[in-house]
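Visitor: Submitted below is the structure of interest, expressed as structure tokens.
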Amino acid sequence: METPAVMEEIFARAKSWKRRVVLPEAATDERTMRAAGLLLERGWATPVLLGRQQDLLTAANLLKVDLKGAEFIYPVDDPSLERIVSRYQERRAKEALSADQVRGALIAQPVLYGAGLVGIGAADGMTAGAVTSTGDVIRAALKLVGLAPGVSVVSSFFAMIFPDGSDWGHRGVLIYADGGVVPDPTAAQLADIAISAEGAARKLFEGFQSRVALLSFSTKGSAKHPRVEKVQEALGILKEKGPELQVDGELQADAALVASVGERKAPGSSVAGKATVLIFPDLDSGNISYKLTQRLAGAMALGPLLCGLNGAVNDLSRGASVEDIAQVAAITAVQSG
């Protein structure tokens, strides 16, 4: 599959912005080190690598990776260390950790330190997870970056990118949320997932036209069930928290996506039949749907990308390739804008 035009646009923006993205696993993961070189070669971002500069350069030379233009931070003697220690103690006061304990944890855990750099504004974003679990990446982000104002939960989304010329979504892009983090969101969490995913999509794709559909097996009360009521409640919360959003629910998938069905099942809706952001009622449906769309419709599945945080942090699959890591880092750079 050729690189879709919307992805080329993301890479072009990353290249023009030159953001600083922490790759905290480069010292221990060959793929991440190679991805740092790829970012520099393509000009998508300035990689910020954690560790002794000479050690990192030696490792890079063995891999024939050119790190000219990268930044190196050795946490032990980094001037930002004490600021991050203070931020951790302020945000995690209930842990009652001493400065020495926090300092030790930060030095020992590169992903935690990278999140701290983002949290204090010393880096624009962080991409991690090649050798670190999703849970540890998210916990680090929550501790030192924190949730976006007014949001109660960190979540994720997939950008399903169809071949150029597709009529689905916005210029062939459909947003699926949540497909990777929250197993069974409450109505309030579902509303926050919608707000986070919609905002992330607008930041990532220039000119993105948001029409948010809260999905269900029911359309406008066609079925009665507590799961339907949860989606209906989420719609009410959304209309209060985000009155400017174009949002509707509950909608079945065909009512959300197919104009003729939307007109019949939800007449007068500004979203039905032309949704661009699909909010799934649980992780089962979101995860299953993105995989079916990817395999059966031939769409590129970009993600899961984290949203709901007060900064740009993204997780990687531990099976990520060098290209995957570089692309997610470029996306992180754009999300930081």
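Visitor: Do any GluC sites (Glu not before Pro) in segment 191-258 lie in a loop, going by DSSP, with at most 14 other beta-carbon atoms within 10 Å of their beta carbon, and if so which?
Guide: Details: sites: Glu198, Glu206, Glu229, Glu233, Glu240, Glu244, Glu250; in loops: Glu206, Glu244.
Sites meeting the loop and neighbour criteria: Glu206, Glu244.
Visitor: Turning to a different aspect of this structure: Hey, what D do you get for segment 155-304 in µm²/s if you plug the Kirkwood alpha-carbon radius into Stokes-Einstein at 25 °C and 0.890 mPa s? Before the final figure, lay out each step's value.
Guide: Numbers: Rh = 14.8 Å.
Rounded, D is 165 µm²/s.
Visitor: Pull up the DSSP beta bridges for the chain and report the antiparallel fraction as a percent, rounded to 5. Intermediate values should be presented prior to the final figure.
Guide: Values: 13 of 36 bridges.
Percent antiparallel among DSSP bridges in the chain is about 35.
Visitor: Under a straight-distance cross-link criterion of Cα-Cα below 16 Å, which aspartates and glutamates are reachable from Lys143, leaving out those fewer than 8 residues away in the same chain?
Guide: List returned: Glu82, Glu90, Glu95, Asp315.
Visitor: Among 267-279, 80-92, how do they line up from the highest to the lowest mean number of other beta-carbon atoms within 10 Å?
Guide: Details: 267-279: 22.3, 80-92: 16.7.
The most tightly packed comes first, giving 267-279, 80-92.
Visitor: Which value in deg cm²/dmol, rounded to the nearest 500, describes the helix-derived mean residue ellipticity at 222 nm for the chain, given -39,500 (n - 2.57) per DSSP H run of n ≥ 4 and division by the residue count? Show your work: numbers first, answer last.
Guide: Details: 13 runs with 153 residues, N = 337.
Dividing the helical sum by the residues of the chain leaves -14000 deg cm²/dmol.
Visitor: Once you have the Kirkwood Rh of segment 211-269 from its Cα pairs, apply Stokes-Einstein at 10 °C and 1.306 mPa s and quote D in µm²/s.
Guide: In µm²/s, the coefficient is 139.
Visitor: Continuing with this model, one more query. Explain nothing, just the number: dipole magnitude of segment 155-304 about its Cα centre with +1 on each Lys and Arg Cβ and -1 on each Asp and Glu Cβ, in debye rounded to the nearest 20.
Guide: On the way: 15 positive and 17 negative charges, 45 e Å.
Charge dipole of segment 155-304: 220 debye, to the nearest 20.
Visitor: With a sphere of radius 12 Å drawn around the Cβ of Gln109, what net charge do the other residues whose Cβ falls strictly inside it have (Lys, Arg +1; Asp, Glu -1)?
Guide: Details: positive: Arg103, Arg139, Lys143; negative: Glu25, Asp136.
That sum, taken over residues with Cβ under 12 Å, equals +1.
Visitor: What per residue convex hull volume, in Å³, do the alpha-carbon atoms of the chain yield? Intermediate values should be presented prior to the final figure.
Guide: Working: hull volume 43.1 nm³, N = 337.
In the chain, the Cα hull volume divided by residue count equals 128 Å³.
Visitor: Excluding residues on the same chain fewer than 8 positions from Lys239, give the lysines whose Cα lies under 26 Å from its Cα.
Guide: Answer for Lys239, where 26 Å is the Cα cut-off: Lys203, Lys220, Lys224, Lys230, Lys265, Lys274, listed by chain and number.
Visitor: Ranked from highest to lowest mean number of other Cβ atoms within 10 Å per residue, what is the order of the peptides 153-161, 60-68? Don't skip to the answer; put the middle values down first.
Guide: Values: 153-161: 26.4, 60-68: 13.8.
Descending mean neighbour count gives 153-161, 60-68.
Visitor: Additional query: Which percent, nearest 5, of DSSP beta bridges in segment 155-304 are antiparallel? Spell out each step's value before the answer.
Guide: Values: 9 of 19 bridges.
The antiparallel proportion sits near 45 percent.
Visitor: When ranked by the protection proxy of mean other Cβ atoms within 10 Å per residue, highest first, what sequence do the peptides 35-42, 292-299 form?
Guide: On the way: 35-42: 21.1, 292-299: 14.2.
My ranking of the peptides, most packed first, is 35-42, 292-299.
Visitor: If you rank Phe205, Phe11, Phe217 by fewest surrounding Cβ atoms within 10 Å, what's the result?
Guide: Details: Phe205 23, Phe11 19, Phe217 15.
In order of increasing Cβ crowding within 10 Å: Phe217, Phe11, Phe205.
Visitor: Note down the net charge around Pro163, summing +1 for each Lys or Arg and -1 for each Asp or Glu among other residues with Cβ under 12 Å from its Cβ.
Guide: Cβ neighbours under 12 Å give a net charge of -2.
Just so you know, all these numbers are worked out from the coordinates, no wet-lab data involved. Since the model is a prediction, treat every value here as computed from it, not as a measurement. In this analysis, Cβ positions are derived from the backbone assuming ideal geometry, glycine residues included, and neighbour counts consider all displayed protein chains.
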